[in-house]
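The values are calculated or read from the model by the stated rules, or taken from the named source; none is laboratory data. For clarity, every value in this text was computed on a predicted model and none was experimentally measured. We place every Cβ from the backbone using ideal geometry, glycine too, and count neighbours over all the protein chains shown. Heavy atoms of the whole protein, side chains included, go into the accessibility calculation; ligands, DNA and RNA do not. Shrake-Rupley method; radii C 1.70, N 1.55, O 1.52, S 1.80 Å.
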Amino acid sequence: MMMKKAFARLFLWLSRLNFVGDVPKESIVLVAGPHTSNWDFLFMLSYAGAKDVPLSWLGKEELFKGPMGPIMRWTGGIAVDRSHPGGLVEQMAERFRDGPRMGLVITPEGTRGKREYWKSGFYRIARAADVPVVLGYIDWPNRTGGFGPSFKLTGDVTADMDRLRDLYDNVTGIRPENQTSPRLSEEDAKLGSGEPGESAAG
């Protein structure tokens, strides 16, 4: 743990970014955004590590094969079989419920390229595990980043996502052309059906 913290602090010092904010002393889902390059995820992992957040993150199982596998697991990586994604939400919820404190880092944009929607996995996992989300961010032009608001999701998808938009629509990632405003497809699905935005956990 001390070695991870030392590496994290060195990486942040070299980055010359100003990192601010803290996280609750409990298990969390850490939303990392905007995800516009490989660097922003590394910044978020490093800042969480420097703050003694016991990190975990999800990655495709191919990343864990070969000589890089031990390094991926050492940094908290959890391999995901993308060809059989069913049950992942409940598996992660069980880890939160039955295991020690954990900070699960998720990049809901899912890719470094611009897309129409964010992926809803972070929302469904946080709701199923009943843990707060913490909004981690990078604001590259201002050379700042860190941890923003922390709150429990209510199940009102649009209202919850409005809180994310309040932050992420007002910061700029490393590659602005790749940035996607926080929006879940569930929001438009509820709107099209005439139903209120109640839950993305189902």
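Among (1) of a type in the set (A, V, I, L, M, F, W, C); (2) open to solvent by 40 Å² or more (accessible area, probe 1.4 Å); (3) in a loop (DSSP other than H, G, I, E, B), where does residue 13 come up short?
Tallying (1) of a type in the set (A, V, I, L, M, F, W, C); (2) open to solvent by 40 Å² or more (accessible area, probe 1.4 Å); (3) in a loop (DSSP other than H, G, I, E, B), residue 13 fails exactly one: (3).
Just one of 57, 39 is outside any helix (DSSP H, G or I), at pLDDT 80 or above, among the aromatic types (Phe, Trp, Tyr) and closer than 19 Å to residue 5 by Cα; which is it? Lay out the reasoning, then the answer.
Values: 39 fails: outside any helix (DSSP H, G or I).
Going through 57, 39 in turn, the sole match is 57.
When you go through (1) open to solvent by 30 Å² or more (accessible area, probe 1.4 Å); (2) modelled with pLDDT of 85 or more one by one for residue 4, which number turns out not to apply?
(2) is the only condition that residue 4 fails.
Which residue out of 45, 88 is in contact (Cβ under 8 Å) with a residue 12 or more places away in the chain and buried (at least 19 other Cβ atoms within 10 Å of the Cβ)?
Numbers: 88 fails: buried (at least 19 other Cβ atoms within 10 Å of the Cβ).
Every option except 45 fails the conditions.
State whether one or more residues within the range 145-152 are of a type outside the set (Gly, Ala, Ser), open to solvent by 30 Å² or more (accessible area, probe 1.4 Å) and at negative phi. Let's see the steps before the verdict.
Our first condition is that a residue be of a type outside the set (Gly, Ala, Ser); within the range 145-152, this holds for 147, 149, 151-152.
Narrowing the set further to residues that are open to solvent by 30 Å² or more (accessible area, probe 1.4 Å) leaves 149, 152.
Narrowing further to those that are at negative phi: 149, 152.
Checked the range 145-152: at least one residue is of a type outside the set (Gly, Ala, Ser), open to solvent by 30 Å² or more (accessible area, probe 1.4 Å) and at negative phi.
Here's a check for you: in the range 156-180, which residue that is closer than 21 Å to residue 15 by Cβ and out of contact with any helix residue (DSSP H, G or I) (no Cβ under 7 Å at 6 or more places or on another chain) is most open to solvent (accessible area, probe 1.4 Å)?
Here is the first cut: in the range 156-180, the residues closer than 21 Å to residue 15 by Cβ are 167-168, 171-176, 178-179.
Retained after the next criterion (residues that are out of contact with any helix residue (DSSP H, G or I) (no Cβ under 7 Å at 6 or more places or on another chain)): 167-168, 171, 175-176, 178-179.
Working: 167: 33, 168: 6, 171: 14, 175: 121, 176: 72, 178: 34, 179: 33 Å².
For the range 156-180, the residue satisfying everything is 175.
Could you pull out the residue among 93, 159, 126 that is among the small types (Gly, Ala, Ser), assigned to a helix (DSSP H, G or I) and within 14 Å of the chain's Cα centre (by Cα)? Give the steps one after another, and end with the answer.
Values: 93 fails: within 14 Å of the chain's Cα centre (by Cα); 159 fails: within 14 Å of the chain's Cα centre (by Cα).
Criteria check complete, one pass: 126.
Among (1) at negative phi; (2) touching a Ser or Thr at 6+ places or on another chain (Cβ under 6 Å), which single condition is residue 77 missing?
For residue 77, the exception is condition (2).
How many residues, within the range 20-42, are open to solvent by 10 Å² or more (accessible area, probe 1.4 Å) and hydrophobic (A, V, I, L, M, F, W, C)?
5
Among the residues of the range 64-71, is any within 20 Å of residue 131 (Cβ to Cβ) and part of a loop (DSSP other than H, G, I, E, B)? Walk me through how you get there before you give the answer.
Filtering the range 64-71 down to residues within 20 Å of residue 131 (Cβ to Cβ) leaves none.
No, that holds for no residue.
On the given criteria, is residue 135 hydrophobic (A, V, I, L, M, F, W, C), at pLDDT 85 or above and over 18 Å from residue 46 (Cα atoms)? Step through it out loud before you land on a result.
Numbers: hydrophobic (A, V, I, L, M, F, W, C): yes; at pLDDT 85 or above: yes; over 18 Å from residue 46 (Cα atoms): no.
No: the conditions fail for residue 135.
Identify the single condition in (1) crowded, with 19+ Cβ neighbours inside 10 Å; (2) modelled with pLDDT under 90; (3) not in a helix (DSSP H, G or I) that residue 190 does not satisfy, given that it satisfies every other one.
(3) is the only condition that residue 190 fails.
Take residue 56 and decide whether it is open to solvent by 20 Å² or more (accessible area, probe 1.4 Å) and under 14 Å from the mean Cα position of the chain (by Cα). Outline the logic, then answer.
Working: open to solvent by 20 Å² or more (accessible area, probe 1.4 Å): no; under 14 Å from the mean Cα position of the chain (by Cα): yes.
Spelling it out, it is not the case that residue 56 is open to solvent by 20 Å² or more (accessible area, probe 1.4 Å) and under 14 Å from the mean Cα position of the chain (by Cα).
Rundown of residues vs (1) touching a residue at least 40 places away in the same chain (Cβ under 8 Å); (2) open to solvent by 20 Å² or more (accessible area, probe 1.4 Å); (3) touching a Lys or Arg at 6+ places or on another chain (Cβ under 8 Å), yes/no style:
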| position | (1), (2), (3) |
| --- | --- |
| 9 | yes, yes, no |
| 50 | yes, no, yes |
| 60 | no, yes, yes |
| 68 | no, yes, no |
| 107 | yes, yes, no |
| 122 | yes, no, no |
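Among the candidates 115, 95, single out the residue that is among the charged types (D, E, K, R), over 27 Å from residue 13 (Cβ atoms) and touching a residue at least 60 places away in the same chain (Cβ under 8 Å). Write out each step before concluding.
Values: 95 fails: touching a residue at least 60 places away in the same chain (Cβ under 8 Å).
From the options 115, 95, the qualifying one is 115.
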